[in-house]
Amino acid sequence: MAQSEEKLVTPLSLVVDLVLLVLFFAYMFSVLKSHVPSTNPSMITLWAALGAACMTGVFWLALQMFRVVFRAQRAASKK
């Protein structure tokens with residue numbers, strides 16, 4: 001029962017996640033604005049933001065899964 005407890009979430013990882021998510025959201029928002037079939041600027045902004053928010057959520061999940069797998073592979077290689 002004397003396993004070393006490594007912090008899974010650190011302040012640095014939270015900042016890195018936040019920066020990556022903001023950059024990804026901004027990129028997807030700019031891409032999606034040209035794909036909204038409307039001429040109303042407020043509708044274009046709304047639907048591009050909603051689409052980018054959904055994709056950013058999926059990106060966050062993928063980022064967390066990558067982090068878990070990477071950590072498990074590093075731990076397995078140390079043994």
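If you go through segment 39-67 one residue at a time, how many are touching a helix residue (DSSP H, G or I) at 6+ places or on another chain (Cβ under 8 Å) and exposed (fewer than 12 other Cβ atoms within 10 Å of the Cβ)?
Here the count works out to 0.
Please find, among PHE25, PHE29, PHE70, the residue that is of a type in the set (Phe, Trp, Tyr), modelled with pLDDT under 95 and surrounded by 10 or more Cβ atoms within 10 Å (Cβ to Cβ).
When all the criteria are applied, what remains is PHE70.
What are the pairs, 6+ residues apart or on separate chains, where a residue within segment 30-47 that is of a type in the set (Phe, Trp, Tyr) has its Cβ under 6 Å from a residue that is surrounded by 10 or more Cβ atoms within 10 Å (Cβ to Cβ)?
Listed pairs, sorted by first residue: TRP47/VAL36.
With PHE24, PHE70 as the choices, which residue is in contact (Cβ under 8 Å) with a residue 24 or more places away in the chain and either among the hydrophobic types (A, V, I, L, M, F, W, C) or not in a helix (DSSP H, G or I) (or both)?
PHE24
Working carefully through the options THR10, THR45, THR56, find the one that is of a type outside the set (Asp, Glu) and over 30 Å from ALA72 (Cα atoms).
Sole residue among the options that is of a type outside the set (Asp, Glu) and over 30 Å from ALA72 (Cα atoms): THR45.
Hey, does segment 48-67 have a residue that's among the charged types (D, E, K, R), assigned to a helix (DSSP H, G or I) and modelled with pLDDT under 95? Lay out the reasoning, then the answer.
Here is the first cut: in segment 48-67, the residues among the charged types (D, E, K, R) are 67.
Filter once more, keeping what is assigned to a helix (DSSP H, G or I): 67.
Restricting the remaining residues to those that are modelled with pLDDT under 95 gives 67.
Within segment 48-67, one or more residues are among the charged types (D, E, K, R), assigned to a helix (DSSP H, G or I) and modelled with pLDDT under 95.
The values are calculated or read from the model by the stated rules, or taken from the named source; none is laboratory data. This is a predicted model, so every value here is computed, not measured. When we count neighbours, we look across all protein chains shown, and the Cβ atoms used for this are built from the backbone with ideal geometry, even at glycine.
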